[in-house]
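What follows is a short report on a single structure.
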Amino acid sequence: MLGGLLPIGRSRLGPDAVAGVTLAALAVPEVLGYARIAGMPVVSGLYTMLVPMVVFALLGSSRHLVVAADSGTAAILAAGLVGVAGVGSSRYVQLAGTAVLLVGALLLLARLVRLGFLANFLSRTVLVGFLTGVGIQVASGQLADMLGVRAAGSHTATKLIDTLKAIPHTNAAAALVSLGVIMLVVGIRRLTRRVPGALIAVVGAIALSRVVNLAGYRVDLLGLVPSGLPHLSTPSLALGDLSRLLPTAVSMFVVIVAQSAATSRAYAANYDETVNEDRDLLGLAGANLSAAFTGTFVVNGSPTKTQMVDGAGGRSQLSQLTAAVVVLLVVLILTGPLAYLPIAVLATVVFLIGIELIDVAGMCRIYTVRREEFLVAALTAAGVVFIGVEQGVLLAVVASIIDHLRHSYDPRSSVLVKSKAGHWQSQPVAAGIRTTDGLVIYRFGTSLYFANASRLAADITTLTQHADPPAWLCLDGAAIGDVDYTAASVLIRVHQQQHAHGTRLVLSNIIEPVRAQLDRYGITTAVGTDAYFDTAGAALEAFNRDDTTPTSDPDAQPST
């Protein structure tokens, strides 16, 4: 506890506090927009920066990660609740609390059984595609309100089509207000990121609305925003609601774990700090459980807000505690003016958030350096846009796993040969290639399991089924970290086949855990204890001496 806060040097108090004020100024318009994305009352966005932010600051281990509302999880929540209850209604808020309660329970369970490693199941490639898809969905979903028109579609594509059809009915005043916000925010961003352009736009729009009476020009306004502290609320615990919202909660859980861990790792690495992912899971669980009972919605480790604090000089969770104090003052005494905020302005702020999520540069980099991974990222983005955010998360996980399996199924195996200078070199597997006359040292490129064991067998057949089979075949296991039962059976068959052709199977660079597996499978009995060598060089020396006597059993079978 307090690992993200302590120790605090006296010299850091001022800079961290200033960074917290900066975070509040920059993030208030954002969280108002995220509440809109989630379909929640706008004030609930501010609530995410109160109790949940404080809870993570006290329980988490990361000194940098900012936990509050986030566009990705807000969009997943909205997708899970669409059609279940009226957007913004008391029933909707109650069900949102149920979903967040489930998320908190999943995070707590993940902490208890130490599932922090789950963060690795969304690759960076898939995260780029996922966030790009969310950005497209979020941005396109705001166009109708920016233009002051109605769009009835429930999915991204249909809503965009309805918006385009409604363009002839655009409210000129709303469109001009939206254009003004874009010009102001983008212009300020070009000059500096430290000035809260979105906050200036919101304040300016409120003042303009009051002075010129934008409501008289048929520009929709936000309306009354309740002030005061969040009230304790009780999520629905009905079995039907829990089962209906569990898939949504699982989707949010996956994104929270992956995105929060990736962000906290990155900033810890920047400052040579350590981060305890299991402790962060506890902080995230506490933050979401507190959100479930304080009338707000799901919270997540936010890359954008974390960068806001870092760019402003914050180096501990004191910045987040300071931001929570500033937001507390806002909800207590400054919600009144929000009633005059044009919906078009809030929609434009969200639109710009969505545009920033569309990582064109990242997608281009992936396309340039690794085309096959670009296809995975593009597929994930398309899934989010055309199928849905919740389904897009599941597609992202599946795509990550398939991408991993694709690499492990067809590893880059090689034959080791000596250069003229006496150094080891890797050569492609090809018929007739030899490490030296009578010896092949074959390095398999990854762990051995049921899907790729046939690749090993095929490579060995290519290397040994030649007019002059080698006397020794050395399997180098430098890249082998595990051997499953199916692969062990294949190794036994390989040994028997090679023995029948007069080729001895030996092994090198086998780590102790894998050696223990091979002992249990009966492979050591089959090949003999003297068939193991510490290195490929040791195997080469033994072959050149050729003074080992095989103690193998060619008819041995794998153990159960």
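See the values below:
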read-out: Yes/no for residue 251 being of a type in the set (S, T, N, Q), surrounded by fewer than 18 Cβ atoms within 10 Å (Cβ to Cβ) and either farther than 14 Å from residue 115 by Cβ or not assigned by TED's automatic domain parsing to the domain that holds residue 129 (or both); value: no
read-out: Residues of segment 514-536 satisfying the condition of being in contact (Cβ under 8 Å) with a residue 24 or more places away in the chain, assigned to a helix (DSSP H, G or I), surrounded by fewer than 22 Cβ atoms within 10 Å (Cβ to Cβ) and not aliphatic (A, V, I, L, M); value: 517, 520, 525
read-out: Considering residues of segment 267-318 that are among the aromatic types (Phe, Trp, Tyr) and closer than 20 Å to residue 31 by Cα only, the residue surrounded by the fewest Cβ atoms within 10 Å (Cβ to Cβ); value: 293
read-out: Among residues of segment 145-180, those that are part of a helix (DSSP H, G or I) and of a type outside the set (D, E, K, R), counted; value: 21
read-out: Residue within segment 386-397 that is without any contact (Cβ under 8 Å) to a residue 12 or more places away in the chain and part of a loop (DSSP other than H, G, I, E, B) present; value: yes
read-out: Hey, residue 156 polar (S, T, N, Q), modelled with pLDDT under 90 and surrounded by 14 or more Cβ atoms within 10 Å (Cβ to Cβ) or not; value: yes
read-out: Residues that are of a type outside the set (D, E, K, R) and either farther than 19 Å from residue 33 by Cβ or in a loop (DSSP other than H, G, I, E, B) (or both), drawn from segment 216-230; value: 216, 217, 219, 222, 223, 224, 225, 226, 227, 228, 229, 230
read-out: Which numbered condition residue 186 misses (of (1) over 31 Å from the mean Cα position of the chain (by Cα); (2) modelled with pLDDT of 90 or more; (3) in a helix (DSSP H, G or I)); value: (1)
read-out: Segment 133-153 - residue that is at pLDDT below 85 and among the β-branched types (Val, Ile, Thr) and, of those, nearest to residue 30 (Cα to Cα); value: 138
read-out: Subset tally (residues that are within 23 Å of residue 170 (Cα to Cα) and out of contact with any strand residue (DSSP E or B) (no Cβ under 7 Å at 6 or more places or on another chain)) for segment 193-206; value: 4
read-out: Residue match in segment 232-246 (condition: closer than 23 Å to residue 288 by Cα, part of a helix (DSSP H, G or I) and in contact with a Gly (Cβ under 9 Å, 6 or more places away or on another chain)); value: yes
read-out: Residues of segment 8-19 satisfying the condition of being surrounded by fewer than 24 Cβ atoms within 10 Å (Cβ to Cβ) and of a type outside the set (A, V, I, L, M, F, W, C); value: 9, 10, 11, 12, 14, 15
read-out: Residue among 377, 382 that is over 30 Å from residue 523 (Cβ atoms) and crowded, with 19+ Cβ neighbours inside 10 Å; value: 377
read-out: Residue list for segment 489-502, filter: buried (at least 20 other Cβ atoms within 10 Å of the Cβ) and under 19 Å from residue 409 (Cα atoms); value: 490, 491, 494
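Residue-wise test of (1) among the β-branched types (Val, Ile, Thr); (2) surrounded by 17 or more Cβ atoms within 10 Å (Cβ to Cβ).
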residue: 418; (1), (2): no, no
residue: 426; (1), (2): no, no
residue: 435; (1), (2): yes, yes
residue: 440; (1), (2): yes, yes
residue: 453; (1), (2): no, yes
residue: 459; (1), (2): no, yes
residue: 463; (1), (2): no, yes
residue: 477; (1), (2): no, yes
residue: 504; (1), (2): no, yes
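Conditions tested, residue by residue: (1) over 21 Å from the mean Cα position of the chain (by Cα); (2) not small (Gly, Ala, Ser).
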{"site": "43", "(1), (2)": "yes, yes"}
{"site": "74", "(1), (2)": "no, no"}
{"site": "78", "(1), (2)": "no, no"}
{"site": "92", "(1), (2)": "yes, yes"}
{"site": "105", "(1), (2)": "no, no"}
{"site": "115", "(1), (2)": "no, yes"}
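Let's see how each residue does on (1) touching a residue at least 24 places away in the same chain (Cβ under 8 Å); (2) under 25 Å from residue 348 (Cα atoms):
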site	(1), (2)
17	yes, no
29	yes, yes
70	yes, yes
76	yes, yes
80	yes, yes
86	no, yes
101	yes, no
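Residue-wise test of (1) among the polar types (S, T, N, Q); (2) under 19 Å from residue 264 (Cβ atoms); (3) surrounded by 24 or more Cβ atoms within 10 Å (Cβ to Cβ).
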position: 40; (1), (2), (3): no, no, yes
position: 47; (1), (2), (3): no, no, yes
position: 65; (1), (2), (3): no, yes, yes
position: 89; (1), (2), (3): yes, no, no
position: 93; (1), (2), (3): no, no, no
position: 106; (1), (2), (3): no, yes, no
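The values are calculated or read from the model by the stated rules, or taken from the named source; none is laboratory data. Everything numeric here is computed off the predicted structure, so don't read it as measured data. Positions of Cβ are generated from backbone atoms using ideal geometry, with glycine treated the same way; all protein chains shown enter the neighbour counts.
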